[in-house]
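All of the numbers you see were taken from the coordinates with simple rules; none came from a lab. Nothing here was measured: the structure is a model prediction, and the numbers come from that model. Methodologically, a virtual Cβ is constructed for each residue, glycine included, from the backbone with ideal geometry; neighbour enumeration extends over all protein chains shown.
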Amino acid sequence: MKIKTIKDKNYKGKKVFLRVDYNVPIEKGVIVDDTRIKATIPTIEYLLSQSASLIIASHLGRPKGKVVDEFSLKPVGERLSKILNKEVKFVSDCIGDEVKNMVNSLKEGEILLLENLRFHPEEEEGDEDFAKGLASLADCYVNDAFGTCHREHASIYTITKFTKDVAAGFLIEKEVSALLKLLLNPEKPFLLILGGAKVSDKIAMIKNLLDKVDTIITGGVMAYTFIKAKNWEVGDSKVDQEAVGLAKEIIKEINKRHLEFHTPLDHVIVQKVSEDAVPIITERGTVPHGWIGVDIGPQAIEEYTDCIRRAKTIFWNGPMGIYEIEKFARGTIEIAKAIGNSNAYSVIGGGDSIAAVNKAQVSDKISHICTGGGASLEFLEKGTLPGIEVLKEE
Ligand code: ADP
Ligand code: MG
């Protein structure tokens, strides 16, 4: 896969429409994590060094096609300005006459941030007229919104029909090359670590990876869904009922290919999920009636750590337990540490998985941390994304 990148082009004196993913967490008007803003700085600085002027567009939250003040990008513009140490102009819409006027008076090397694209329902509908309007603001289009590339939205997908000059920014380039490394030539053994809660969203991705991975280890609701699929006892543990059928199919495929597949050898179990619950450890890989599995047990940690030690390539998505509660966080933290200590090429995706890696203080020892959880999983499932396809070299 060869995508067009900003390195191949000349932006001197051009107006660039730059789509980014500034969907950052904001609490009481304060940005609590600006990772996604920082991730776009190399692209912004490069374009500015080329004497382009930038029209930056993003979505924030789910305003559902209406103007919702709490989802305004204004504070994001202020933070961007602080990070760049440079003025960032702001306009309170993303389309229309006021925007056009601001764009027309934008000079070389200046930045204008548009208001939340999703204040217009046309954005998520992928509307052609809306996309045409966005495209008409600039001479060229650059996409660096990796986390939104799985959506056929107007500013990600449709807009490329109306701009001749399209390219990917450095963030997309980095994300795609990390994920392609897993899909195309992973060094063996390739270990897939799956946990977390959103099983239905994720389980399809496993199918596409079965021909590439050697070992799969599971934790969290993912593990209980597979244990249930094996017709073993899970007690009152959380299971994704919708995914049990597919989990059964996947177990068959795993057996056909003679892959190494693990559900936890033991579990940390409680009778009620709460901070003051008194957990005990099971003696085997099942959960007795009336009990809830909340973390992998010590034997499982030992076995999984050994799998991690042997691996040359690792992809991890999903915590091993309810890691938000300290007592149930050990499995997740130990797995994160083991990945940090390994020399394997390691990629981590998913908001909670990244939070766990930060909590274990090993994020700088991970080869690549994906900024888009959903987008990275869909990329691994399909080998591409709608927003990436439109950036490909013909
Ligand atoms: P990610 O954000 O990394 O993609 P998910 O969102 O799918 O991961 O899953 C994370 C959530 O899974 C966490 O909130 C965690 O508490 C929950 N979880 C993990 N193990 C269990 C479990 N055994 N029972 C219930 N919830 C669990
Ligand atoms: Mg999550």
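Things worth noting here:
- Electrostatic bookkeeping for H262 treats Lys and Arg as +1 and Asp and Glu as -1; over the other residues with beta carbon under 11 Å from its beta carbon, the sum is -3.
- Note on the range 224-319: dipole from Cβ charges, positive end direction compared against T286, Q299, T313; the farthest Cα belongs to T313.
- Gyration tensor (alpha-carbon) shape descriptor, the range 6-173, a/c threshold 1.5: rounded
- Under the shape rule built on the C-alpha gyration tensor, where the axes satisfy a ≥ b ≥ c, the range 320-373 is oblate, since a/c reaches at least 1.5 while a/b does not exceed b/c.
- C-alpha long axis of helix 199-209 to longest principal axis of the chain, angle in °: 90
- Listed by chain and number, the lysines whose alpha-carbon sits under 17 Å from that of K66, ignoring those within fewer than 8 places in the same chain, are K74.
- Helix 298-310 and the long axis of the chain differ in direction by around 60°, with both axes built from C-alpha atoms.
- Other residues lying with their Cβ under 12 Å from the Cβ of A277 contribute a combined charge of -2, Lys and Arg counting +1, Asp and Glu -1.
- Among I31, I56, I216, the largest mean-square fluctuation in a Gaussian network model of the chain, built with springs joining Cα atoms closer than 10 Å, belongs to I31.
- Gyration tensor verdict on the range 186-381 (Cα atoms; rounded if a/c is under 1.5, prolate if a/b is larger than b/c, oblate otherwise): oblate
- For the chain, DSSP calls about 20 percent of its internal beta bridges antiparallel.
- Calculated [222 nm] ellipticity per residue, helices only, for the chain: -10500 deg cm²/dmol; basis is -39500 (n - 2.57) per DSSP H run with n ≥ 4, divided by all residues, nearest 500.
- Within the listed set Y323, Y22, Y46, the Gaussian network model of the chain (springs between alpha-carbon atoms below 10 Å) gives the highest mean-square fluctuation for Y46.
- In terms of surrounding Cβ atoms within a 10 Å radius of their Cβ, S58, S155 rank from fewest to most as S58, S155.
- Tilt relative to the chain, helix 373-382 - C-alpha long axis, 0 to 90 degrees, to 10: 80
- Taking other residues whose beta carbon is less than 13 angstrom from the beta carbon of V221, and scoring Lys, Arg as +1 and Asp, Glu as -1, yields -2.
- For the range 107-141 versus the range 1-75, the spacing of their alpha-carbon centroids is 12 Å.
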